[in-house]
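The values are calculated or read from the model by the stated rules, or taken from the named source; none is laboratory data. Quantities reported herein were computed from a predicted structural model and do not represent experimental measurements. Cβ coordinates were reconstructed from backbone atoms using ideal geometry, including for glycine residues, and neighbour counts include every protein chain displayed. When the accessible area is computed, the model is the full protein with side chains, heavy atoms only, and any ligands, DNA or RNA have been set aside. Shrake-Rupley method; radii C 1.70, N 1.55, O 1.52, S 1.80 Å.
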Amino acid sequence: MKKKILIVGGGTAGTMTANNLAKKLMPEIDRDEVEITLISDSKYHYYKPGAMYVAFGKSEGYEFVRDQRALLMSEINFEVEKATQINTKSNFVKAQSGKKFEYDFLVLATGCEVAPDRIPGLSEAGDWFYTYEGATKLAKKFHDIKRGRILVTVNFPKTPNIPHQCGIAPVETTMMLHDFLTERGVRDDIEIVYTYPTVAQAVTNGLFMQEPTSNVLPSIFDSLGIKHQSGFTLSKVDPKKKVAISAEGEEIEFDILMSTPPFTATKFIRESGISEALDDEGWLPTDKQTLKVKGLDNVYTLGDTVDLPVSKAGGTVHNQTDVVADNIASELRHGYTSESYDGLVIAIAQMGLSCGMPLWYNYDKDVAPTPCSKLGSFVRKGFNKGIYWAAARGMV
């Protein structure tokens with residue numbers, strides 16, 4: 001009987017995994033023994049890190065959008081459907097249209113979503129670069145501001161040791177903001193204040209979740225005239241007075257509030273009932289080695305919806321996708337998994353508009369900060385414009 005592999009989610013994780021599975025299982029596909037289907041609620045594929053460049057007027061955004069079907073190998077079935085229900089006993093996913101997608105193996109690559117409403121006043125008074133819509137609003141404000149204060153705040157999931165989406169992004173955008181305002185000739189009249197919350201995974205009095213990076217940030221910020229403060233956990237915002245209020249009892253006025261908002265798993269996952277271990281944020285309880293959803297032998301997950309202590313970013317997905325694809329292929333062929341994920345994350349951080357810094361870490365070893373360079377920025381921008389699309393197709 002033909003085995004069915006179903007992937008839910010057309011972002012980086014779902015697209016790369018679908019293509020990698022198709023390559024690894026091509027003999028079985030040619031013999032009509034395996035069928036791979038990907039469903040997504042959009043016909044388009046968005047490169048999410050591109051929004052960061054929109055916020056600083058370095059991109060219009062359209063160059064970071066592709067047709068989802070065009071990114072998938074022809075052997076993969078693709079349907080635009082919004083998943084609404086998972087039945088792990090009968091092995092099917094139901095879509096909003098009423099259609100049922102049966103599976104032998106399921107891959108949940110549904111990502112996460114911003115949830116600014118979880119902090120009172122943030123939706124009304126805050127801005128963020130994690131969506132193209134939000135980045136476009138920020139671009140207008142950054143272009144218009146001539147003097148005042150831009151406050152940067154960072155928010156973490158409530159679940160201990162789970163990072164927010166793209167952990168280094170608040171640092172990247174703070175330094176890009178400095179360069180952008182300098183280009184505009186208004187930097188001397190605008191104060192930038194970077195704050196970091198009190199969270200379980202943060203080092204004491206730290207500015208970043210990993211200690212080596214946290215230790216070097218103060219001197220970097222000082223050299224750029226960026227003010228910084230640890231122990232500021234945003235709890236509410238007064239939109240009328242433009243005041244950010246922390247859980248520690250401090251208030252900071254702002255003209256622009258650039259916030260890393262709260263994140264949750266998608267509504268589909270939160271309401272799926274897939275696991276009793278889900279909290280109200282919906283992170284899937286994930287085996288850190290096999291990347292299976294705990295308690296479900298034929299359900300895998302990767303990317304932004306997991307509860308693992310690694311960054312929710314493309315540099316993580318690139319190292320998870322082969323593990324998922326190899327394990328599913330091995331289970332189909334041999335009845336057991338063959339690969340183990342070690343928490344590896346590889347990326348290049350955009351530390352300013354023209355400086356890139358390589359990042360490399362895993363479960364056991366924190367990222368070791370390295371000097372950023374114009375070459376690093378060139379590689380990062382080259383990845384954005386070309387290499388990413390090859391990676392999504394499973395070619396890199």
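Scanning the stretch 233-259 for residues that are hydrophobic (A, V, I, L, M, F, W, C), modelled with pLDDT of 95 or more and in a loop (DSSP other than H, G, I, E, B) returns a single hit, 254.
Only one of the numbered conditions (1) surrounded by 14 or more Cβ atoms within 10 Å (Cβ to Cβ); (2) over 30 Å from residue 87 (Cβ atoms) is violated by residue 293, and that is (2). Once the stretch 66-76 is narrowed to residues that are without any contact (Cβ under 8 Å) to a residue 40 or more places away in the chain and over 30 Å from residue 354 (Cα atoms), the residue that is least open to solvent (accessible area, probe 1.4 Å) is 70.
Listed here are the residues, each with its yes/no results for (1) at pLDDT below 95; (2) in contact with a strand residue (DSSP E or B) (Cβ under 8 Å, 6 or more places away or on another chain); (3) assigned by TED's automatic domain parsing to the domain that holds residue 157.
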{"residue": "309", "(1), (2), (3)": "yes, no, no"}
{"residue": "314", "(1), (2), (3)": "yes, yes, no"}
{"residue": "327", "(1), (2), (3)": "no, yes, no"}
{"residue": "352", "(1), (2), (3)": "yes, no, no"}
{"residue": "357", "(1), (2), (3)": "yes, yes, no"}
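Total residues in the stretch 329-353 satisfying the condition of being of a type in the set (Phe, Trp, Tyr) and surrounded by fewer than 22 Cβ atoms within 10 Å (Cβ to Cβ): the figure is 1. Looking across the stretch 1-59, the residues that are open to solvent by less than 60 Å² (accessible area, probe 1.4 Å), within 30 Å of residue 138 (Cα to Cα) and assigned to a strand (DSSP E or B) come down to 40, 45.
State whether the residues of the stretch 313-328 include one that is open to solvent by 20 Å² or more (accessible area, probe 1.4 Å) and within 17 Å of residue 105 (Cα to Cα). Within the stretch 313-328 (the criterion being open to solvent by 20 Å² or more (accessible area, probe 1.4 Å) and within 17 Å of residue 105 (Cα to Cα)), the answer is yes, since at least one residue qualifies.
Looking for whichever is modelled with pLDDT of 95 or more and either open to solvent by less than 10 Å² (accessible area, probe 1.4 Å) or not in a loop (DSSP other than H, G, I, E, B) (or both) here; the options are 79, 63. Which one fits?
Working: 63 fails: modelled with pLDDT of 95 or more.
Going through 79, 63 in turn, the sole match is 79.
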